[in-house]
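Notes for the one structure printed next.
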Amino acid sequence: MDLNGVTIHPGALDHAAQEALVADLRDVVSAAPLFHPETSRGRKMSVRMTSAGALGWVSDRRGYRYEPAHPSGVAWPPIPDRLLALWDRLADCATPPDTCLINFYGEGARMGLHQDRDEASFDFPVLSLSLGDDALFRVGGTERGGRTKSVWLSSGDVAVIGGDARLAYHGIDRTRFGSSSLLPQGGRINVTLRVAGVSAAPPS
């Protein structure tokens with residue numbers, strides 16, 4: 001399925017695979033706890049997040065950036081093997097990801113339209129996995145203010161943002177809290193795999 005150039009893979013992971021990944025992500029969160037990022041103006045975002053891999057994404061009054069350590073100072077844990085296998089299967093990219101962003105959407109959380117542009121190169125795709133509650137995913141073009149299209153993402157769905165759509169504006173307008181049984185207390189986990197580091201060579 002194509003959504004303004006973003007490729008959607010419905011049901012890429014079955015329920016058993018989703019449960020196994022949630023267990024992996026709990027291990028990541030145990031090592032690098034979820035936190036509320038801040039904007040440069042000091043406003044806390046509604047999502048909580050953490051990361052895995054050589055780099056992790058952080059945001060505070062110094063701006064958006066990748067760092068080699070959690071805000072607490074501990075190193076990010078490694079990216080789970082199951083996620084690396086998903087990248088190999090669906091990203092169509094020989095270069096492995098060096099960062100894995102984990103966003104948790106509680107009731108009422110959302111993510112405004114934005115571009116993923118903090119990476120050193122935009123030649124590599126972003127793979128985004130949905131786990132838990134349904135979310136309304138909106139995608140526009142590479143210029144702010146253009147026409148957008150939306151689709152409901154269910155648990156196990158994967159979106160690959162790459163090629164001409166790599167810098168497309170996208171976001172989550174809302175979630176259907178409690179629509180999935182995957183997370184006992186409800187909510188949605190969004191996992192994104194990326195190649196962020198400056199040492200990465202462009203794909204051939």
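Each reported figure results from applying straightforward, stated rules to the coordinates on display, with no laboratory input. What you see is a predicted model; the values in this text were computed from it and never measured. Positions of Cβ are generated from backbone atoms using ideal geometry, with glycine treated the same way; all protein chains shown enter the neighbour counts.
When you have a sec, figure out the Kirkwood radius of segment 22-80 from all distinct Cα pair distances and drop it here in Å to one decimal? Please list the in-between numbers first.
On the way: mean 1/r = 0.0857 Å⁻¹.
Hydrodynamic radius (Kirkwood, Cα only) of segment 22-80 equals 11.7 Å.
By its C-alpha gyration tensor, with a ≥ b ≥ c as the square roots of the eigenvalues, how is segment 79-122 shaped: rounded for a/c under 1.5, else prolate for a/b larger than b/c, else oblate?
Details: a/c = 2.52, a/b = 1.46, b/c = 1.73.
It comes out oblate by the Cα gyration axes.
Kindly identify segment 65-138 as rounded, prolate or oblate by the Cα gyration tensor criterion: order the square roots of the eigenvalues as a ≥ b ≥ c, call it rounded if a/c is under 1.5, otherwise compare a/b with b/c, prolate if a/b is larger, else oblate.
Values: a/c = 1.38, a/b = 1.14, b/c = 1.21.
The shape class here is rounded.
Between Phe122 and Glu143, what length in nm is gained on full extension when 0.36 nm per residue of separation is reduced by their alpha carbon distance?
Numbers: separation 21, 0.36 × 21 = 7.56 nm, distance 1.55 nm.
Using 0.36 nm per residue and subtracting the Cα-Cα distance, I get 6.0 nm.
In a Debye calculation with equal point scatterers on the alpha-carbon sites of segment 126-204 and no solvent, what is log10 I(q)/I(0) at q = 0.16, 0.17, 0.21, 0.27 Å⁻¹?
-0.68, -0.74, -0.97, -1.25
Using a 7 Å offset from the Cα along the Cα-to-Cβ direction at both Asp81 and Asp27, what is the distance between the two label points in nm, to one decimal?
0.9 nm
Return the loop-located trypsin sites (Lys or Arg not before Pro) in segment 117-204 (DSSP other than H, G, I, E, B) with at most 12 other Cβ atoms within 10 Å of their own Cβ; answer none if there are none. Could the numbers behind the result be given before it?
Values: sites: Arg117, Arg138, Arg144, Arg147, Lys149, Arg166, Arg174, Arg176, Arg188, Arg194; in loops: Arg117, Arg144, Arg147, Arg166, Arg176.
Listed in order of number, the matching sites are Arg117, Arg144, Arg147.
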